[in-house]
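Q: What follows is a structure written as structure tokens; I'll ask about it next.
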Amino acid sequence: MHWFNRKRNFIAMLGPTILIYCLYIVIPLFVAVYYSLTNFKGIVTPEFIGIKNYIKMFGDRYFLVSVKNTAIVLLMSILVLLPASLILALVLNRSFKGSNVYKALNFLPNIIAPIVVGLIWGYIFDPEMGLINSALDLMGRVAWKQTWIGGLVLTPYCVGVIYSWQNVGYIATIFLAGLKTIPNELFESCQIDGANGWQTFRYITVPMLKETFAINIILIITGCFKIFELVYQLTNGSPNHMSEVMTTYMYNTTFISSRYGYGMSIAVFSCIVTMSFTLIYLFILRRKNDEAGGLK
């Protein structure tokens with residue numbers, strides 16, 4: 001143990017992990033930043049053009065559409081996924097017959113490959129032969145039929161619903177782990193003091209899950225900015241790039257249109273936005289924690 005505690009040996013143990021992280025994360029990030037400042041098209045030698053790609057982005061109609069769609073997916077995920085996963089965790093935290101089976105089943109959607117999830121939900125949301133519109137036909141509610149995917153309006157909302165369905169078990173599992181850390185004595189004290197279920201949830205459960213909320217919100221934010229397979233399988237950005245999210249637009253720009261420099265600028269922008277959201281949220285959370293500590 002003395003050998004393990006020595007700093008140089010500790011660094012040596014971390015060396016392979018740090019090396020792999022640098023090779024596959026840090027160095028590619030710097031390479032992407034470099035190419036984002038060029039007009040590289042994949043064949044000829046890249047020519048340095050400065051920030052022209054970034055200026056071009058904000059005048060690109062389809063890029064702005066992809067940003068709007070990504071924002072809708074993120075908003076839908078936070079409004080649907082976060083409360084749904086918390087409710088599911090509260091239910092699974094109770095002891096009842098078959099609870100362990102339900103805990104396993106609730107995680108099942110998360111282990112299905114996203115491309116398969118997109119395929120499954122494509123048969124549900126497809127405007128021509130999908131389950132929803134077919135059911136509306138059978139019920140005689142033809143006026144209620146919608147272009148759920150592949151249209152100009154509803155696709156990002158449907159992607160948000162699908163992403164929430166796929167990840168509700170994963171986020172609920174993290175909430176469940178957080179619930180297990182809350183001492184039972186606190187809930188017993190609430191019962192003795194006559195607090196009802198809502199008061200216990202509001203004043204004990206939610207404050208004690210503050211760090212868990214932080215983890216889950218960060219996971220949702222980063223996850224939404226990485227959504228690719230769902231949109232690629234459902235619509236591939238059609239019609240005419242109007243259902244793109246940032247990742248699919250970056251992919252199509254880089255590998256389909258061979259505009260590598262411009263595609264890398266979109267990737268770098270997406271990375272910066274994701275990191276900014278995360279850092280701002282962590283800053284706000286830390287400030288609230290410091291204020292709460294100061295009040296004590």
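The values are calculated or read from the model by the stated rules, or taken from the named source; none is laboratory data. Computed from a prediction, not measured in an experiment: that's the story for all the values here. Note that each Cβ is placed from the backbone with ideal geometry, even for glycine, and that neighbours are counted across all protein chains shown.
This table checks each residue for (1) out of contact with any Ser or Thr (no Cβ under 7 Å at 6 or more places or on another chain); (2) exposed (fewer than 11 other Cβ atoms within 10 Å of the Cβ).
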position: Ala12; (1), (2): yes, yes
position: Pro16; (1), (2): yes, yes
position: Ile20; (1), (2): yes, yes
position: Val26; (1), (2): yes, no
position: Ile49; (1), (2): no, no
position: Thr70; (1), (2): yes, no
position: Val73; (1), (2): yes, no
position: Leu81; (1), (2): no, no
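Q: Which pairs have Cβ atoms under 8 Å, sit 6 or more apart or on different chains, and link a residue in the range 272-292 that is modelled with pLDDT of 75 or more to one that is among the small types (Gly, Ala, Ser) and in a helix (DSSP H, G or I)?
A: Going by the 8 Å Cβ cut-off, the qualifying pairs are Tyr281/Ala214; Leu282/Ala214; Leu285/Ala214.
Q: Ok, one more. Within the range 11-32, can one find any residue that is polar (S, T, N, Q) and within 21 Å of Ser270 (Cβ to Cβ)?
A: Within the range 11-32, not a single residue is polar (S, T, N, Q) and within 21 Å of Ser270 (Cβ to Cβ).
Q: Within the range 6-60, which residues are among the aliphatic types (A, V, I, L, M), touching a helix residue (DSSP H, G or I) at 6+ places or on another chain (Cβ under 8 Å) and either in contact (Cβ under 8 Å) with a residue 24 or more places away in the chain or closer than 15 Å to Ile272 by Cα (or both)?
A: Selection gives Leu29, Ala32, Val33, Leu37, Ile49, Met57.
Q: Residues in the range 60-112 that are assigned to a loop (DSSP other than H, G, I, E, B) and either within 25 Å of Ala214 (Cβ to Cβ) or at pLDDT 90 or above (or both): how many?
A: The qualifying residues number 4.
Q: For Gly140, are the conditions met, namely being at positive phi and exposed (fewer than 13 other Cβ atoms within 10 Å of the Cβ)?
A: Answer is yes for this residue.
Q: Name the residues in the range 225-250 that are assigned to a helix (DSSP H, G or I) and either surrounded by fewer than 20 Cβ atoms within 10 Å (Cβ to Cβ) or in contact with a helix residue (DSSP H, G or I) (Cβ under 6 Å, 6 or more places away or on another chain) (or both), would you?
A: Of everything in the range 225-250, those that are assigned to a helix (DSSP H, G or I) and either surrounded by fewer than 20 Cβ atoms within 10 Å (Cβ to Cβ) or in contact with a helix residue (DSSP H, G or I) (Cβ under 6 Å, 6 or more places away or on another chain) (or both) turn out to be Glu229, Leu230, Val231, Tyr232, Gln233, Leu234, Met246, Thr248, Tyr249, Met250.
Q: Kindly indicate the residue of the range 24-65 that is charged (D, E, K, R) and farther than 16 Å from Thr254 by Cβ and also nearest to the chain's Cα centre (by Cα) among those meeting that condition.
A: Arg61
Q: Only one of these conditions is not met by Asn133: (1) over 21 Å from the mean Cα position of the chain (by Cα); (2) surrounded by fewer than 18 Cβ atoms within 10 Å (Cβ to Cβ); (3) at pLDDT 90 or above. Which number is it?
A: Status for Asn133: all satisfied but (2).
Q: On the basis of being within 29 Å of Leu119 (Cβ to Cβ) and crowded, with 18+ Cβ neighbours inside 10 Å, does Ala172 make the cut?
A: Taking the combined requirement at face value, the residue satisfies it.
Q: Filter the range 107-127 down to the residues that are aromatic (Phe, Trp, Tyr) and over 10 Å from Asn167 (Cα atoms), then identify the one that is surrounded by the fewest Cβ atoms within 10 Å (Cβ to Cβ).
A: Tyr123
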